[in-house]
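In what follows, a single structure is set out as structure tokens and then discussed.
The values are calculated or read from the model by the stated rules, or taken from the named source; none is laboratory data. Just so we're clear, the structure is a prediction, and the values are computed from it rather than from any experiment. Note that we place each Cβ from the backbone using ideal geometry, even for glycine, and neighbour counts take in every protein chain shown. Quick note on the areas: whole protein, heavy atoms, side chains included, nothing else; ligands and nucleic acids left out. Shrake-Rupley method; radii C 1.70, N 1.55, O 1.52, S 1.80 Å.
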Amino acid sequence: MIETIYIEEDLQVHPRASRLLKRFPGARIIPCQHYTEVFNPAAQSFDLQKQHPALILARKKGNLVLPAPNGFGISNGPNFYFSHMLNCLYDCRYCFLQGMFRSAHYVLFVNFEDFEAEIDSTIANSHEQTPYFHSGYDCDSLALESLTGFVKHFVPFFAKRPDAFLELRTKSIAIGNLLNIPPVPNVVVAFSFTPAETAVAVEHGCPSIRDRVHAAGELAGAGWPIGIRLDPLLWYKGWRAGYDALIDKIATAIPSSALHSASLGPLRFPSDMFQKIERMYPEDKLLNGPLIRRNRFVSYSEPREAQLLSFVEQRLANAFPETNLFPCALGAT
Amino acid sequence: MPTGQVNFVVALRAEAEPIIEYFGMSPVGSVEGFYRAGNIQSGIGLIFSGIGRNNAATAVCHQACETNYAAWINVGTLVHYGLPLGEPRIAHKVYCVPTRRSWYPQFVFEIPCPTATVRTIDRISKNFPTDDLYDTEASGFYEAAAQFSPHELIHSFKVVHGSQARAGEALPPNDISSLVEDNLKTINSLIRPLHRLSAELRQRRVDPEEHRELLHDLHFTTTQRRQLRRLLRRWSINCPQVKVTDWVKSNGLTNASSVITSITEHLESIPPTFGLKP
């Protein structure tokens with residue numbers, strides 16, 4: 001429940017912002033000049049704010065579409081990301097957002113039309129290669145759909161641009177707005193999974209694996225291209241059985257023909273982010289696991305990581321022999 | 001679990017007295033002329049700053065020397081154009097008129113009364129250009145407190161003591177005390193969550209008991225102490241059933257570097273057990 005909404009002063013008359021304000025008649029509305037006055041100043045506490053996040057309505061200026069980091073892409077063509085939102089409803093202990101931002105408030109950039117214009121110009125500059133656009137880098141693409149209307153707005157936009165792909169990356173089961181419209185072949189709904197036992201332990205506030213798999217299956221049945229994202233891969237007692245069970249469950253729910261791509265990546269934290277996260281959650285089991293410093297990252301040891309990657313890659317290849325598989329190496333964030 | 005600490009910063013003695021009495025505080029000894037009171041068992045302190053943002057900032061710095069991860073509340077009375085006498089407000093924005101800087105106190109728990117923008121000016125005048133609240137301390141208080149604690153632990157609580165017509169006129173001390181006294185329950189409900197948050201942050205800094213024991217028995221360099229602290233924390237999470245000091249003894253480890261190496265190797269071999277008891 002949103003109790004506090006910060007809004008940039010010049011957005012008070014923006015139609016999308018006004019609609020949102022009307023939805024929270026009881027919220028305290030606090031005007032600010034620029035969202036960064038509230039979001040990310042020094043001496044804020046991400047984890048305390050996470051207990052009670054506020055909503056910040058802002059306008060994104062500049063850098064609306066950026067090249068996707070190494071390892072985030074799902075094609076050999078150009079990959080980009082854009083963030084209509086910063087921060088996530090969920091609280092996954094491996095997520096880099098908790099180390100990247102000092103604030104846990106949800107920042108919603110309401111100037112969707114400016115994102116569209118920049119996406120169009122990026123498509124125009126892609127020189128006949130098919131560009132992929134990722135919307136779930138700084139947030140979950142679907143989790144706050146009822147608030148943002150992001151899917152409702154951007155899926156029809158991409159439906160009219162068949163030469164580009166949109167990836168909606170999510171752990172959410174808020175798929176109503178997708179099921180209400182015909183599937184769009186160039187919009188991939190990519191679900192992130194870890195085995196059920198780790199999801200319970202480290203993906204706080206997320207829908208269960210069973211529910212996520214069910215949602216992915218429903219969308220597949222409706223004709224939507226589905227992505228499977230096993231990133232990060234987690235090492236724990238019984239991980240082989242855990243990943244076997246997870247991949248079996250996914251393969252039962254999603255027919256091979258519906259699978260657009262699968263990707264997997266190792267657990268990795270940039271070292272400085274890890275320090276911040278560890279200070280916030282000193283008793284967390286994942287953060288107190290057998291992690292070591294490698295280059296500028298904190299991750300599992302190289303042999304352990306290779307073991308995880310090769311096992312899961314093999315199982316995925318067995319379950320979905322035809323799929324596009326994109327492993328991600330250490331160094332991607 | 002360590003207790004939390006909440007520090008009050010108040011400008012006037014008349015504002016401070018009801019708080020001191022309600023929370024059972026006794027004098028703690030003044031610093032550089034700043035009167036202080038406290039209730040150590042309850043983790044509550046108060047410093048009397050005097051009027052003005054510079055005084056408020058100095059008072060915070062003196063009080064902060066003795067407490068880490070404290071929560072801070074600046075309690076004061078002020079004039080307002082339209083609000084009725086005795087109305088409480090918590091600042092959702094503190095704006096320093098002379099420096100044009102803003103701060104946004106963060107609400108991570110339920111707030112017991114309405115909120116408002118508080119504008120800090122150097123001298124109370126008879127004309128206020130906006131409908132906000134005007135005081136003389138909040139910005140100095142907030143800027144200083146943010147050097148010691150996160151924004152989520154810093155709040156400014158104000159009680160309206162008159163309308164614009166009375167601006168500049170001093171209210172009798174007894175009247176000021178009564179206004180604060182009438183709002184003590186609201187202040188108290190602000191304190192409880194702040195106490196919890198302060199305790200939560202302090203808990204993260206507590207060293208495991210075994211840390212002290214090992215430091216007593218063996219010589220660790222500064223770097224090794226830091227490594228040991230982290231390893232012992234990992235140990236308590238991954239092998240809670242075995243006391244690390246017993247393990248060190250039973251493995252015949254007699255110097256700091258062998259302790260660090262052996263514990264590291266041991267922990268490295270233990271996979272976390274999500275969903276299962278270790």
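Between B:GLU268 and A:ASP248, the modelled label-to-label distance comes to 3.4 nm, taking each label 7 Å out from Cα in the direction of the beta carbon. Largest GNM mean-square fluctuation among A:ALA196, A:ALA17, A:ALA43, using chain A with Cα springs under 10 Å: A:ALA43. Under conditions of 10 °C and 1.306 mPa s, the stretch B:25-82 yields 128 µm² s⁻¹ as its translational diffusion coefficient, taking Rh as the Kirkwood radius over Cα pairs in the Stokes-Einstein equation. Among A:ILE56, A:ILE181, A:ILE250, whose mean-square fluctuation peaks in a Gaussian network model of chain A (Cα, cutoff 10 Å)? Maximum among the listed residues: A:ILE181. FRET efficiency for the pair A:ASN324 and A:PHE24, taken as 1/(1 + (r/R0)^6) with r the Cβ-Cβ distance and R0 = 41 Å, rounds to 0.50. Using only side-chain charges placed at the Cβ, +1 for Lys and Arg and -1 for Asp and Glu, the dipole size of chain A relative to its Cα centre rounds to 480 debye. Modelled spin-label separation between A:ARG296 and B:ARG192, with each label point placed 7 Å from Cα along the Cα-to-Cβ direction: 4.7 nm.
The trypsin sites (Lys or Arg not before Pro) of the stretch A:159-252 that DSSP puts in a loop, and whose beta carbon has at most 11 other beta carbons within 10 Å, are A:LYS160. Note on A:MET100: accessible area approximately 70 square angstrom, rounded to 10, probe 1.4 Å, nucleic acids and ligands left out. Residues of the stretch B:97-113 that bury at least 50 Å² of accessible area when the other protein chains are present, relative to the chain alone (probe 1.4 Å, heavy atoms, ligands and nucleic acids excluded): B:TYR104, B:GLN106, B:PHE107, B:VAL108.
Pairs spanning more than 21 Å between alpha-carbon atoms, out of B:LYS126/B:LYS158; A:LYS285/B:LYS243; A:LYS22/B:LYS158; B:LYS158/B:LYS185: A:LYS22/B:LYS158. The distance between label points at B:SER258 and A:GLU218 comes to 6.2 nm (points 7 Å beyond Cα on the Cα→Cβ vector).
On a per residue basis, the convex hull of the C-alpha atoms belonging to the protein assembly as shown measures out at 168 Å³. Once B binds A, the 1.4 Å probe can no longer reach about 3400 Å² of accessible area, counting both sides. Other residues within the sphere of radius under 12 Å centred on the Cβ of B:HIS151, judged by their own Cβ, net out at -1 (K and R +1, D and E -1).
The calculated FRET efficiency for B:LEU184 paired with A:ASN40, based on their beta-carbon distance and R0 = 41 Å, is about 0.70. Please check which bits of the stretch B:25-40 a label hung off B:THR3 would reach, taking the label as a point 7 Å along Cα-to-C-beta and the cut-off as backbone N under 19 Å. Flagged as within label range: B:25-29, B:36-40. The A:SER271 and B:LYS126 beta-carbon pair, evaluated with R₀ = 41 Å, returns a calculated FRET efficiency of approximately 0.10.
How much of the DSSP bridge set in the stretch A:208-333 is antiparallel, in percent, rounded to the nearest 5? Within the stretch A:208-333, antiparallel bridges account for around 35 percent of the total.
Taking the empirical scaling 2.2 N^0.38 Å for compact globular proteins as reference, the stretch A:1-71 has a Cα radius of gyration ratio of 1.27. Taking the chain by itself as reference, the stretch B:229-278 contains these residues with an accessible-area loss of 40 Å² or more in the full protein complex (1.4 Å probe, heavy atoms): B:ARG230, B:ARG233, B:ARG234, B:ILE237, B:GLU268, B:PRO271, B:PRO272, B:THR273, B:PHE274. What does the extension gain come out to for B:ASN251 and B:ARG225, with contour length at 0.36 nm per residue minus their alpha carbon separation? Result: 7.4 nm gained on full extension.
Per the Cα gyration tensor, the stretch A:149-219 maps to an equivalent ellipsoid with semi-axes of 26, 11, 10 Å, ordered largest to smallest. Taking the protein heavy atoms of the stretch A:115-264 in the context of the full set of protein chains, the accessible area attributed to carbon and sulfur is 53 percent at 1.4 Å. Taken over the C-alpha atoms, the stretch A:178-320 has Rg and Dmax values of 16.3, 47 angstrom. Each listed q (0.10, 0.18 Å⁻¹) maps to a log10 I(q)/I(0) for the stretch A:46-143, found by the Debye formula over equal Cα scatterers with no solvent: -0.30, -0.88. Take each peptide in B:217-228, A:266-277, count the other Cβ atoms within 10 Å of every residue, and average; sorted highest first, the result is A:266-277, B:217-228. For the stretch B:50-169, the alpha carbon positions stretch 42, 30, 22 Å along the principal axes, listed from largest to smallest. Here the convex hull built on the C-alpha positions of the stretch A:138-260 has a volume of 103 cubic angstrom per residue. Hey, quick one: spin label on A:LYS152, modelled 7 Å out along Cα-Cβ, who in the stretch A:165-208 has an amide N within reach, i.e. under 14 Å? From the stretch A:165-208, the list is A:175-181. Accessible surface area normalised per residue over the stretch B:198-274 is 55 Å², counting heavy atoms of protein chains with a 1.4 Å rolling probe.
Over the stretch B:1-150, Cα pairs under 8 Å with separation of 6+ residues give a relative contact order of 26 percent. Result for chain A in a Gaussian network model with C-alpha springs under 10 Å: among A:CYS139, A:CYS95, A:CYS32, the largest mean-square fluctuation is at A:CYS32.
For chain A, dividing the convex hull volume of the Cα atoms by the residue count gives 133 Å³ per residue.
Semi-axes of the equivalent ellipsoid for the stretch A:200-282, computed as √(5λ) from the eigenvalues of its C-alpha gyration tensor and ordered from largest down, come to 28, 14, 13 Å. Computed over the stretch A:83-239, relative contact order equals 23 percent, with contacts defined as Cα pairs under 8 Å that lie 6+ residues apart. Normalised per residue, the accessible area of the stretch B:64-176 is 40 Å², obtained with a 1.4 Å probe and no contribution from ligands, DNA or RNA. Built from the Cα atoms of the stretch A:274-333, the convex hull projects on average onto 5.1 nm², one quarter of its surface area.
Only DSSP H runs of four or more residues enter the estimate; each adds -39500 (n - 2.57), and after division by the residues of the protein assembly as shown the mean residue ellipticity at 222 nm equals -10500 deg cm²/dmol.
Relative to the dominant Cα principal axis of chain B, helix B:173-182 is inclined by about 50°.
Accessible-area loss of 20 Å² or more (1.4 Å probe, protein heavy atoms, chain alone versus all protein chains) is found in the stretch B:121-163 for B:PRO150, B:HIS151, B:GLU152.
Post the alpha-carbon centroid distance, the stretch A:5-29 to the stretch A:98-144, in whole angstrom. Spelled out, the Cα-based centre of one part sits 21 Å from the other.
The alpha carbons of chain B give a radius of gyration and a Dmax of 24.1, 80 Å, in that order.
Only Cα pairs under 8 Å and 6+ residues apart enter the sum, and on that basis the relative contact order of chain B stands at 21 percent. Note on A:31-39: average number of Cβ atoms from other chains within 10 Å of each residue's Cβ is 2.
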